[in-house]
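Trainee: Once you've had a glance at the structure underneath, I'll fire off some questions.
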């Protein structure tokens, strides 16, 4: 069975609902739930994400980074910075506010999903493609995924 998970960008941009009724091949990332909870409009919405966390945890379909995931994430972030430094001839331009944090969370999503052998469905193709250079995570463009899975 091929497993898959959504990046936060997919849930937000496609207004995904019904996460409690997803097929058994869907795994939910605790990192995605963290991002969604942080951006919740109110306490009731945050509690919905907390219930999702518990439900997926109980079903053993919650992707939670482990020690090795964190270590590999730090290595990939280093390599991405080194790549940027080479492209910018030794000088790193300042990233927009919040960009490095979002990238770190995306790397963590990719690395932990890879361990679960789950493909990451994303709208954020450029960042995940860059991450994939250093981590053999399987990533899928959301448009392609939904086109293939809507029939």
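Since every read-out is calculated from the coordinates, none of them should be taken as a lab result. What you are looking at is a predicted structure, and each value in this text was computed from that prediction instead of being measured. Cβ coordinates were reconstructed from backbone atoms using ideal geometry, including for glycine residues, and neighbour counts include every protein chain displayed.
Trainee: Of 132, 119, 82, which is the most mobile in a GNM of the chain whose springs link Cα atoms less than 10 angstrom apart?
Mentor: Result for the chain, Cα springs under 10 Å: 82 fluctuates most.
Trainee: Enter the Cα centre distance for the pair region 85-118 and region 43-82, rounded to the nearest angstrom.
Mentor: 15 Å
Trainee: Only Cα pairs under 8 Å and at least 6 apart count here; give the relative contact order of the chain as a rounded whole percent.
Mentor: On the way: 170 pairs, mean separation 44.4, N = 151.
Once divided by the residue count of the chain, the mean separation gives 29 percent.
Trainee: Also: Of the residues 121, 48, 140, which exhibits the maximal mean-square fluctuation in a Gaussian network model of the chain defined by a 10 Å Cα contact cut-off?
Mentor: 48
Trainee: Which value in deg cm²/dmol, rounded to the nearest 500, describes the helix-derived mean residue ellipticity at 222 nm for the chain, given -39,500 (n - 2.57) per DSSP H run of n ≥ 4 and division by the residue count?
Mentor: On the way: 7 runs with 85 residues, N = 151.
Here the helix-only value at 222 nm equals -17500 deg cm²/dmol.
Trainee: Could you identify which residue out of 61, 46, 94 has the top mean-square fluctuation in a GNM of the chain using Cα springs shorter than 10 Å?
Mentor: 94
Trainee: Follow-up question, since we're still on this one. With a/c under 1.5 counting as rounded, go ahead and sort region 109-151 into rounded, prolate or oblate using the C-alpha gyration tensor (a ≥ b ≥ c being the square roots of the eigenvalues; past the cut-off, prolate if a/b is larger than b/c, else oblate). Write down the numbers at each step before the final one.
Mentor: On the way: a/c = 2.93, a/b = 1.55, b/c = 1.89.
Oblate.
Trainee: Report the calculated FRET efficiency for residue 144 and residue 70 (r = Cβ-Cβ distance, R0 = 25 Å), to the nearest 0.05. Display every interim value, and only then the final one.
Mentor: Details: r = 30 Å, r/R0 = 1.19.
Result of the calculation: an efficiency of 0.25.
Trainee: Can you tell me the length gained on complete extension of the stretch residue 81 to residue 99, counting 0.36 nm per residue apart and subtracting the Cα distance? Walk me through the intermediate numbers first.
Mentor: On the way: separation 18, 0.36 × 18 = 6.48 nm, distance 1.25 nm.
Contour length minus Cα-Cα distance gives 5.2 nm.
Trainee: Now, a different point. I need the shape label for region 3-149. Rule: rounded when a/c is under 1.5, else prolate if a/b > b/c, else oblate, with a, b, c from the alpha carbon gyration tensor. Mind dumping the intermediate values first?
Mentor: Details: a/c = 1.77, a/b = 1.61, b/c = 1.10.
In terms of gyration-tensor shape, prolate.
Trainee: Then there's this: Using the alpha-carbon atoms, what tilt in degrees (0 to 90, nearest 10) does helix 99-115 show relative to the longest principal axis of the chain?
Mentor: 60 degrees
Trainee: Which of rounded, prolate or oblate describes region 31-88 when judged by the alpha-carbon gyration tensor and an a/c cut-off of 1.5? Display every interim value, and only then the final one.
Mentor: On the way: a/c = 5.15, a/b = 1.90, b/c = 2.72.
Oblate is the answer for region 31-88, as a/c is 1.5 or above yet b/c matches or exceeds a/b.
Trainee: What do you get for the angle between helix 43-58 and the principal long axis of the chain? Use alpha-carbon atoms, 0 to 90 degrees, nearest ten.
Mentor: Approximately 90 degrees, to the nearest ten.
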